[in-house]
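Visitor: Handing you a structure now.
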Amino acid sequence: MDLSHPVHADNCVLDPDTGECWREPPAYTYRDYSGLLYLNDDFKGGDLFFTQPNALTVTAQVRPRCGRLVAFSSGGENPHGVWAVTRGRRCALALWHTWAPEHREQEWTEAKELLQEEEEEEEEEEEEEILSRDLSPEPPSHKLQRVQDKAGKLLRVREEL
Ligand SMILES: O=C(O)CCC(=O)C(=O)O
Ligand SMILES: [Fe+2]
């Protein structure tokens, strides 16, 4: 087989003899999802293909087209390679997504914290409002009870007195 990119998995070391894929260095073990964005199609050969863990049996093939994006999970379940480019130049942008917290972007963390703060403030305001209603001189016709639902969101359950 003449290949531009040998068969591999993106986050583990593939052993085609056993079909196992070792999630250890030198593999980029923190990769969770892979994306390939193709930037041109004026070349010959260079199709992306997926195989079974034996690295031989081709299960799917994708022709790069300008603007085509291929996405797949990065593990041993997706061994893939690239056939030889026989004419022209093939341009592609490889992208990887990780859930690993140590690779989290600082801005992402900050935005998440800001949103969390805002949510907590809103909850506090709501709580104060409910308390002040309960303390009002007129006898309340309803008692508001707060219940924490599974997703952690606050639900108000009106309980008739
Ligand atoms: O260029 C492609 O189609 C595949 C590249 C790839 O598999 C990789 O960079 O890990
Ligand atoms: Fe890859």
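The values are calculated or read from the model by the stated rules, or taken from the named source; none is laboratory data. Computed from a predicted model, the values in this text were never measured in an experiment. Every residue, glycine among them, receives a Cβ derived from its backbone with ideal geometry; neighbour counts consider all protein chains shown. Note: accessible area is taken over every heavy atom of the protein model, side chains too, but ligands, DNA and RNA are not part of it. Shrake-Rupley method; radii C 1.70, N 1.55, O 1.52, S 1.80 Å.
Visitor: Can you list the strands (runs of 3 or more DSSP E) found entirely within segment 33-118 that contain at least 1 residues being free of Cβ contacts under 8 Å to residues at least 12 places away in the same chain?
Guide: Numbers: elements: 33-38, 48-51, 58-62, 69-73, 80-83, 85-87, 92-97.
Once the strands (runs of 3 or more DSSP E) in segment 33-118 are filtered for at least 1 residues that are free of Cβ contacts under 8 Å to residues at least 12 places away in the same chain, what remains is 58-62.
Visitor: Of all residues in segment 1-29, how many are open to solvent by 60 Å² or more (accessible area, probe 1.4 Å), under 21 Å from the mean Cα position of the chain (by Cα) and within 16 Å of ligand 1 (Cβ to nearest atom)?
Guide: Matching residues across segment 1-29 total 2.
Visitor: Can you pull out every residue in segment 64-73 that is more than 16 Å from TYR33 (Cβ to Cβ) and either in contact with a Pro (Cβ under 8 Å, 6 or more places away or on another chain) or open to solvent by 60 Å² or more (accessible area, probe 1.4 Å) (or both)?
Guide: The answer is ARG65, CYS66, ARG68.
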